[in-house]
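The numbers here are math on the coordinates, done by the rules we state, and not lab data. What you are looking at is a predicted structure, and each value in this text was computed from that prediction instead of being measured. Counting neighbours? That spans all protein chains shown, and the Cβs are built from the backbone with ideal geometry, glycine included.
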Amino acid sequence: MHKNKISHKHTSSFENIPTLHIKKGVEVCDFKAIERIRNKKYVAQALWCCLLENDPHAFKEILKAHLEMKNKEKVVKETGISRRTLFRMLSKNGNPTLDNISRIIHGLCA
């Protein structure tokens, strides 16, 4: 079957983004996402919020991002979850059990 080449032009650019003006007297601080995702306190709070809001996909994304910054062998020892189980539950189709979720939260908060 013959394929036609289709050229898609971008319909948006940085030029179309409106400028944000900050009110006088408002302080702006640097937001460092890498430091936040490494911090157990912030990650534990974010995971708890995901559970409260019934958002398992965000839970897995936050946990996966946090674990990518950490030594996985240390996480395995802290939680008592096997490495294989850890990666399986964080996969796209993974469905972590309540036991594994509680072990991870305990490992982060303890």
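Say a site is exposed when it is one of the trypsin sites (Lys or Arg not before Pro), sits in a DSSP loop, and has at most 15 other Cβ atoms within 10 Å; what is then the longest site-free stretch of the chain? Kindly include the intermediate steps, with their values, before the conclusion.
Details: sites that count: Lys3, Lys5, Lys9, Lys23, Lys24, Lys32, Lys70, Lys92.
The longest uninterrupted stretch comes out as 33-69.
List the longest stretch of the chain that has no exposed loop site; here a site is one of the GluC sites (Glu not before Pro) assigned by DSSP to anything other than H, G, I, E or B, with at most 13 other Cβ within 10 Å.
Working: sites that count: Glu27, Glu53.
The answer is 54-110.
How far is helix 40-52 tilted off the main Cα axis of the chain, in degrees rounded to 10, range 0 to 90?
80
Could you give the angle, 0 to 90 degrees to the nearest 10, between helix 98-109's Cα long axis and the longest principal axis of the Cα atoms of the chain?
It works out to around 80 degrees.
State the extension gain, in nm to one decimal, for the chain segment bounded by Glu15 and Cys29, taking 0.36 nm per residue of separation less the distance between their alpha-carbons.
Working: separation 14, 0.36 × 14 = 5.04 nm, distance 2.47 nm.
Stretched fully, the Glu15-Cys29 segment lengthens by 2.6 nm.
Quick one: helix 56-69 against the long Cα principal axis of the chain, what's the angle to the nearest 10°, folded into 0 to 90?
Helix 56-69 sits at roughly 80 degrees to that axis.
Would you mind getting me the FRET efficiency between Arg38 and Lys92? Use the beta-carbon distance for r and R0 = 22 Å, nearest 0.05.
On the way: r = 24 Å, r/R0 = 1.08.
E between Arg38 and Lys92, to the nearest 0.05, is 0.40.
Considering only DSSP states other than H, G, I, E and B, which chymotrypsin sites (Phe, Trp or Tyr not before Pro) in the range 21-108 qualify as loop sites with at most 10 other Cβ atoms within 10 Å?
Values: sites: Phe31, Tyr42, Trp48, Phe59, Phe87; in loops: Phe31.
Sites meeting the loop and neighbour criteria: Phe31.
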